[in-house]
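The values are calculated or read from the model by the stated rules, or taken from the named source; none is laboratory data. Fair warning: this is a prediction, and the values are worked out from it, not measured in the lab. Counting neighbours? That spans all protein chains shown, and the Cβs are built from the backbone with ideal geometry, glycine included.
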Amino acid sequence: MSAQPDIAGSLSAADFRARAARQTGPWARDAYGDHSLNPDLAPLILRPDLRDAAVLVPVVDRPDGATVILTKRTAALRSHSGQIALPGGRIDDTDASPEHAALREAEEEIGLKPAEIELVGRMPDYVTGSGYRIAPVLSVVRPGFTLAINPHEVDDAFEVPLGFLMDPANHRRESRVWQERERYYYTMPFGGRFIWGVTAGILRTLYERLYAS
């Protein structure tokens, strides 16, 4: 199956910016997350002690088509070690907003400076089975930046075409047993990179809200 007609030819950063600007709240609380594909697990996922976090969705304004910066987390991290991720982390008490947290984390993890980033919108929070409520912050990154990888948090950073990530033909629904129940999740294999779990879930939500018919 090919990309849906409304996606074809519209994967520039300018178009992404326009679509993101139409994402205005307020939104229903905890409407999106790992429980979206697993409603029977909602009582385990929608816990009262969820920790607040934020991620940056950094869409790079490339002339031949927008891309998204993703990272590979180091195996030494306690949470989601070794997985493909969007830049981000917990919201600290000193962060003025989820946007501030996402920008801070992106600079700490991969050296992407706030001056190189244009914030263009937000999406509804995404709740994870690992106990986080994540605020996805949408942004456009100007080309010409130089990344500086923090080896304590990130093994690698790379770009994936936005057109690949927003093509539903590349979204696979898979499952595994978790706490004696079958748990469903999305995967988006890209070359030798295995994008899955929370990152794939957030990117799938991005597709559903910005690009799906």
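Please indicate, with yes or no, whether at least one residue in segment 155-169 is under 22 Å from residue 50 (Cβ atoms) and either under 16 Å from the mean Cα position of the chain (by Cα) or not hydroxyl-bearing (Ser, Thr, Tyr) (or both). Checked segment 155-169: no residue is under 22 Å from residue 50 (Cβ atoms) and either under 16 Å from the mean Cα position of the chain (by Cα) or not hydroxyl-bearing (Ser, Thr, Tyr) (or both).
Has segment 85-98 got any residue that is closer than 21 Å to residue 193 by Cβ and of a type in the set (A, V, I, L, M)? The answer is yes; a qualifying residue exists. Restricted to segment 190-207, and to residues there that are of a type outside the set (Lys, Arg) and more than 16 Å from residue 134 (Cβ to Cβ), the residue that is surrounded by the fewest Cβ atoms within 10 Å (Cβ to Cβ) is 192.
Pairs linking a residue in segment 40-56 that is touching a residue at least 12 places away in the same chain (Cβ under 8 Å) to a residue that is exposed (fewer than 14 other Cβ atoms within 10 Å of the Cβ) and in a helix (DSSP H, G or I), with Cβ atoms under 7 Å and 6 or more positions apart or on different chains, do not occur. Residues that are within 30 Å of residue 64 (Cβ to Cβ), in a strand (DSSP E or B) and among the aromatic types (Phe, Trp, Tyr) are absent from segment 159-181 altogether.
Just so you know, in segment 176-189 the residues that are modelled with pLDDT under 95 and either among the hydrophobic types (A, V, I, L, M, F, W, C) or in contact with a Pro (Cβ under 8 Å, 6 or more places away or on another chain) (or both) include one that is surrounded by the most Cβ atoms within 10 Å (Cβ to Cβ), and it is 178.
Listed here are the strands (runs of 3 or more DSSP E) enclosed by segment 27-139 that have at least 1 residues being hydroxyl-bearing (Ser, Thr, Tyr) and either out of contact with any Cys (no Cβ under 9 Å at 6 or more places or on another chain) or surrounded by fewer than 21 Cβ atoms within 10 Å (Cβ to Cβ) (or both): 67-73.
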